[in-house]
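The values are calculated or read from the model by the stated rules, or taken from the named source; none is laboratory data. Every value quoted in this text rests on a predicted model; they were computed, and no experiment measured them. Glycine also receives a Cβ, built like all others from the backbone with ideal geometry; neighbour counts cover every protein chain displayed.
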Amino acid sequence: METVLKVVGVTKKYNNGRGIFDINLDVQRGDIFGFLGPNGAGKTTAMKIMTGLMSADSGDVEIFGHSITKEFEKAMRKVGCIIETAESYTYLSAYENLKLFSRFYDDVDNNRIDEVLELTGILKYKKEKVKNFSLGMKQRLGIAAAILSRPELVILDEPLNGLDVQGMIEIRKLIKLLAETEKTTFFISSHLIHDVELTCDRIGILYNGRLVNVDSKENILKNYASLENYYVSEVGKNGNI
Amino acid sequence: MGTFKAAVINEIIKIYKKKKVIVAVIISLFAIVMGQLMVTVVNTGFGLRAVSGTQFPILVLSLFSRTILPFFTTLVVIDVFSGEFSHNTMKITMTRPITRIKLFTAKVSAVAFFVLVNLIIVMLLSMLAGILFNSDSITEMGVFRVLLAYIVTLIPVVAFALIIVFLANIFKSGTTVFFISVIIFIAFNAITIAFPRYSSLFITSMFDWHSLWNVNTFQISKILREFFIILGCAIMFYTAGYYLFDKRDL
């Protein structure tokens, strides 16, 4: 199996003493990796470091064998992501937003823009300014932007935030479809155990800035009645629940 | 190079999709019309020739380069840097396959393009006004001098913009950057008036360096000296601005 994302000894400590500590992680091609942890566990910090938005105090991240700090362009060429919140330029239309992003890639044309808008269910709002979008529509646009370049690795921080039930189901289906048909690897963070259980096939638990455990969903469900039981057990072992 | 070009195009599009640019053009047009009206009043009311057809654009440039242009350049720089940081949209581009040095340079290039286009629009409008009201005094050499004066003005204004870029990478709030920029602008001008011997050390005193180019015999040594001072300022603030931009955690 090819390792697409490798996190080696990443530590980042904030002034308040919180942060992430000695995170080591491998994500293989085709994985839908769930990064589970409560609010404030350090999920977003870890993902910001993975995508070069933040520098680590120590350690490194390799994407497709390229260091995010030393070979940023090569590392990010086949990556799409939403970090923290799905942002877009509100004074531009959905199409104009995606057109801006498409310029960074050689093989993204207007048909592809329409395709991702269709996949995320916002094609009919293509020419509407984003400032008029609801939170859910902005989230869908963020996902459209993340998958625009047909990335081989998609990093999504709480991708179902702001979506209604139908939207959650559609995006979950989309993630599974891309993982199956295009062998896209997903790295998805969430604080919602149910979401992770329904979407992901490998799960890592982050608690108080430390990676408590990583295992496949299959293994977990062999030994525990539910992911929630596993989570309680793993976090409990660390004496915090 | 491909991603740099993409970033420059994107930054220019983002600047021109904002209403500030239209406001800048309207205010520039208004300033030109007012200037021409005043010149016409002087010409007709006092029987004097205040300015000729090609002197009028230079007169406009002297006022424009010291007031409207730095003002709107400051606003655009704040939009391009502080605005994107505060609206959390900087990360949209920073998570694309483009290095921070390319993105920073693309943003500075887009600001320089904005300044250039603004200068060209004002030059064309003021020349048109000059031709309409004083067509008899238009000469080819005069037109060339106007063109040269407007083009060289780009250099000190971009250097000034780099100071604002530096500030925009220090302070998080766009409002703070704006007020500090205004204070610096006023302070530089005040120091220039109080200590004229040291005026060449302050970038705001260079906004009218086009006057050095609008002469029959160029003072090469003075032009070069001022150019190197502007260049030094630009290099310093470009480097410092990039350092802060690169080190910034989002």
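Key figures
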read-out: Residue count for the range B:10-43, restricted to those that are surrounded by 14 or more Cβ atoms within 10 Å (Cβ to Cβ), out of contact with any Leu (no Cβ under 8 Å at 6 or more places or on another chain) and over 18 Å from B:Val60 (Cβ atoms); value: 6
read-out: Number of the condition not met by B:Val146 [criteria: (1) farther than 30 Å from B:Phe178 by Cβ; (2) touching a residue at least 24 places away in the same chain (Cβ under 8 Å); (3) surrounded by fewer than 22 Cβ atoms within 10 Å (Cβ to Cβ); (4) of a type in the set (A, V, I, L, M, F, W, C)]; value: (3)
read-out: Cross-chain or 6+ apart pairs with Cβ under 7 Å, the range B:66-86 first and touching a residue at least 24 places away in the same chain (Cβ under 8 Å) and assigned to a helix (DSSP H, G or I), then of a type in the set (Lys, Arg) and surrounded by 23 or more Cβ atoms within 10 Å (Cβ to Cβ); value: B:Val80/B:Lys107; B:Phe81/B:Lys107
read-out: Residue that is modelled with pLDDT of 90 or more and either out of contact with any Pro (no Cβ under 9 Å at 6 or more places or on another chain) or surrounded by 14 or more Cβ atoms within 10 Å (Cβ to Cβ) (or both), where the choices are B:Thr175, B:Thr204, B:Thr217; value: B:Thr175
read-out: The range B:225-250 - residue that is among the hydroxyl-bearing types (Ser, Thr, Tyr) and in contact with a helix residue (DSSP H, G or I) (Cβ under 8 Å, 6 or more places away or on another chain) and, of those, nearest to the other protein chains (Cβ to nearest Cβ); value: B:Tyr242
read-out: Strands (runs of 3 or more DSSP E) wholly inside the range A:158-241 that include at least 1 residues being closer than 18 Å to A:Ala46 by Cβ and aromatic (Phe, Trp, Tyr); value: A:185-190, A:202-207
read-out: Options B:Thr95, B:Thr89; residue that is without any contact (Cβ under 8 Å) to a residue 12 or more places away in the chain and in contact with a Cys (Cβ under 6 Å, 6 or more places away or on another chain); value: B:Thr95
read-out: Strands (runs of 3 or more DSSP E) (entirely within the range A:11-92) containing at least 3 residues that are surrounded by fewer than 22 Cβ atoms within 10 Å (Cβ to Cβ) and not assigned by TED's automatic domain parsing to the domain that holds A:Tyr125; value: A:19-28, A:58-63
read-out: Qualifying residue in the range A:142-149 (condition: outside the structural domain of A:Thr3 (by TED's automatic domain parsing), touching a Pro at 6+ places or on another chain (Cβ under 7 Å) and over 20 Å from A:Asp26 (Cα atoms)); value: yes
read-out: Selected residue (only one of B:Ile163, B:Ile191, B:Ile170, B:Ile183 is surrounded by fewer than 17 Cβ atoms within 10 Å (Cβ to Cβ), over 23 Å from B:Val60 (Cβ atoms), in contact (Cβ under 8 Å) with a residue 60 or more places away in the chain and not small (Gly, Ala, Ser)); value: B:Ile170
read-out: Candidate set from the range A:93-102 (those that are in contact with a Leu (Cβ under 9 Å, 6 or more places away or on another chain) and more than 7 Å from chain B (Cβ to nearest Cβ)); member that is surrounded by the most Cβ atoms within 10 Å (Cβ to Cβ); value: A:Ala94
read-out: Test result for B:Thr74, at the interface with another protein chain (Cβ under 10 Å from one of its Cβ atoms) and touching a Ser or Thr at 6+ places or on another chain (Cβ under 8 Å); value: no
